[in-house]
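Data first, discussion second: the structure below is written as C-alpha cells.
The values are calculated or read from the model by the stated rules, or taken from the named source; none is laboratory data. Everything numeric here is computed off the predicted structure, so don't read it as measured data. Backbone-built Cβ (ideal geometry, glycine too); neighbour counts: all protein chains shown. Protein only, heavy atoms only, side chains kept; ligands, DNA and RNA dropped before computing areas. Shrake-Rupley method; radii C 1.70, N 1.55, O 1.52, S 1.80 Å.
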Amino acid sequence: MTHFAHRCGVHDADREEACVELAARLDAFGIERVRLGWCDAHGMLRGKTLMAKAAVRALRDGIGMVGTLMLKDTSDRTAWKVFEPGGTDDLPGFAGASNLILLPDPRSLTVLPWQSRTAWLRCQPWFMNGSPVPLDTRFQLQQALHRLASRGLGLKTGLEVEFHIYRIVDESDQLDPMQASWPGLPPEVRMIHPGYNLQSEAMIDMADEPLDIVMRTAQAMGLPLQSLEIELGPSQVEAVFDATDAMTAADQMVLFRNGVRQALRRAGYHATFMCRPPFPHIMSSGWHLHQSAFDLKTRQNEFARDSTGDTSPDDARHTLSDTGAQWLAGLLAHAPGMTPLCTSTVNGFGRFRPNALAPQSVIWGKDNRGAMLRVVGSAGDPSTRIENRVGEPAANPYLYMASQIHAGLDGLDRALAPPPACDNPYSPDLPALPTSLAGALDALLSDRVLSDGFGADFLRYFNQIKRHEIVRHEAAEDKNDFERREYFART
C-alpha cells in the first residue's frame, strides 16, 4: 500500500520498521496521547495532540495542518492576506489558508516527564503533493548541512543558553476573560534570586527548586545538560549542554525551551527566553553558539591545529587551522546579514551595548567575551572552536545554525583571511553590528551569499513576517507593554 510518506520519498523499509517499533513502544509505555510538534519561524513549537492509535496512522499518512501557521508573526497574526486575490502570489500553495501535511519522525519519540501517559513526536510540514515546504526552518538547516556535507564536513555545536525564571504570584489578570486581548497578558511574577552575584553558591541554593525542575526535565527528555548556573542578572540562569552535531543540537534547543517552560509553569514558575524582560533592572540574556567543523569520515575537528608555527597571538592561525580561520572570516564577512537570524526580535537588539558582555562590533577576539566571535582553545587542543555571541535565546535554532554554515562556507570557498584579533571590543571606531531589527533585515536582504544559501523566496518570507512585527512595535504607544505581551508572555 502506498502512503503519504511514500509520496514524500522518505518511507522505506527502515522507516517502516521504526514505525512498527514506535507503535509497540507507545503500547508498552501506556501512552494515551501523542503531541505532534513542529517548529515555526520564531522557534516556537506548534502542533496537534492525537490519541495513540491516530498518531500511529499519522506516521504513514500524516495529519493536516492549516498552512497559515507558517505565516504567523510573534503575536499570532497572519502576515499575508490569504483570503484576498493575489494576497499570496509570492507564496504558492498558501492561498485560502489551505492545508499542509505534518509528517512525524518515528525515531523522535520523547515521553513527556511532566504529563502522564503523554509523548511527543517531531514533525515537518509537506505540501499535499508530497513535496517539501522550503519555508520550513528545519528544512533550511537540512539543506545547509547537505551543502556542508558535499565538502565532507559536518558542523558540531555546543549550546550555552541564558534565560530568566520567575515565580508566579498572580495569574488572575492573565486568565481573566474580561481582560483577554491579542496578544494576552503575562502573569505577575517575583524573582527566584536577587541577582548581581555571579555564580553565587547562596543564590544557587535560593533557586534550587526551579533549577531542579529544569535539570530533571532536561534529563528525562534525554538532553545532554552539562551544567546549570546562576547568571549575573536578577532571576537569570544559564544552561550549558554537551556539544553534538548541529541538527541534533537545534532539535534539542527546541525541546529544551518548550519543555522547561511547560514543566516550570505546572510548578508555579514562569520561564522566559526573551532577551530583555520588561523590568527596570535586568541583564540581557544571550545564546552563545560554540561551533567547529568536523570531518564526516574521521570525526576529526577541522578547526584545530597542531602547533602555532611562527604566527603571532593575534593571528587567527595561531589557534585555528586554515579551515577554521577561513570559516571565521566568513562569519565576519556576513555578520550584518546573519544578525536577524541570530537575534530575531525587536527586543533583542537592546543587548548590543558597551561593556555588557555582549557584542557591538564585527570583530573577533582570542578568548574575549566582548567580541562578536570568541576563539576558544589553543594549538594542540582538539576542542578548539569559535563561539558566536550574537544570538539571543529566543532565536530559531535552525536558522541560527544554517546562517553559520552559509557564511562559513563562503569563507572556505573564497579562502578569506580574517583581520588580526581585537582586544578593544567596544571601541567606537570598529565596524558596527546592526542596531535594530529593521537595519539587520536590510543587511540580510542585500547579502548575496545568504540569499543564495537560504533562497530569495525564503528571505522574502522571513522579512515579511519580521516587518509585520516591527510595524506593530513602532505603532505601539507603550513599547514596554508591547514587549511584555509579545515576548515575555510567550517567548
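Things to note:
- The lone exception for Arg369 - which of (1) more than 24 Å from Ser284 (Cβ to Cβ); (2) without any contact (Cβ under 8 Å) to a residue 60 or more places away in the chain; (3) not in a helix (DSSP H, G or I) it fails: (1)
- The helices (runs of 4 or more DSSP H) found wholly in the stretch 1-98 and carrying at least 3 residues that are under 22 Å from Gln115 (Cβ atoms) and of a type in the set (A, V, I, L, M, F, W, C) occupy 13-28, 52-61.
- Test: residue in the stretch 173-192 that is outside any strand (DSSP E or B), modelled with pLDDT of 95 or more and among the hydrophobic types (A, V, I, L, M, F, W, C): yes
- Within the stretch 316-337, residues that are under 20 Å from Gly380 (Cβ atoms) and in contact (Cβ under 8 Å) with a residue 40 or more places away in the chain have Cβ atoms under 6 Å from residues that are among the basic types (Lys, Arg) and in a helix (DSSP H, G or I) in these pairs: Ala325/Arg317, counting only partners at least 6 apart in sequence or on another chain.
- Residue within the stretch 315-328 that is of a type outside the set (Phe, Trp, Tyr) and within 14 Å of the chain's Cα centre (by Cα) present: no
- Of all the criteria given as (1) among the hydrophobic types (A, V, I, L, M, F, W, C); (2) more than 26 Å from Arg490 (Cα to Cα); (3) buried (at least 16 other Cβ atoms within 10 Å of the Cβ), the one not satisfied by Ala13 is (3).
- Scope the stretch 113-137; condition open to solvent by 10 Å² or more (accessible area, probe 1.4 Å) and either under 30 Å from Leu264 (Cα atoms) or among the charged types (D, E, K, R) (or both); matching residues: Pro113, Trp114, Gln115, Ser116, Arg117, Trp120, Arg122, Gln124
- When Gly286, Gly309, Gly348, Gly324 are screened for being of a type in the set (Gly, Ala, Ser) and closer than 16 Å to Ile405 by Cα, only Gly324 passes.
- Which listed residue is part of a helix (DSSP H, G or I) and basic (Lys, Arg), from Arg167, Arg151, Arg147: Arg147
- Scanning the stretch 213-265 for residues that are of a type in the set (D, E, K, R), surrounded by fewer than 18 Cβ atoms within 10 Å (Cβ to Cβ) and more than 24 Å from Gly195 (Cα to Cα) turns up Asp242, Asp245.
Conditions (1) out of contact with any Pro (no Cβ under 7 Å at 6 or more places or on another chain); (2) at pLDDT below 95; (3) farther than 24 Å from Ser451 by Cβ, marked per residue:
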position: Arg353; (1), (2), (3): yes, yes, yes
position: Asn388; (1), (2), (3): yes, no, no
position: Met401; (1), (2), (3): yes, no, no
position: His406; (1), (2), (3): yes, no, no
position: Pro420; (1), (2), (3): yes, no, yes
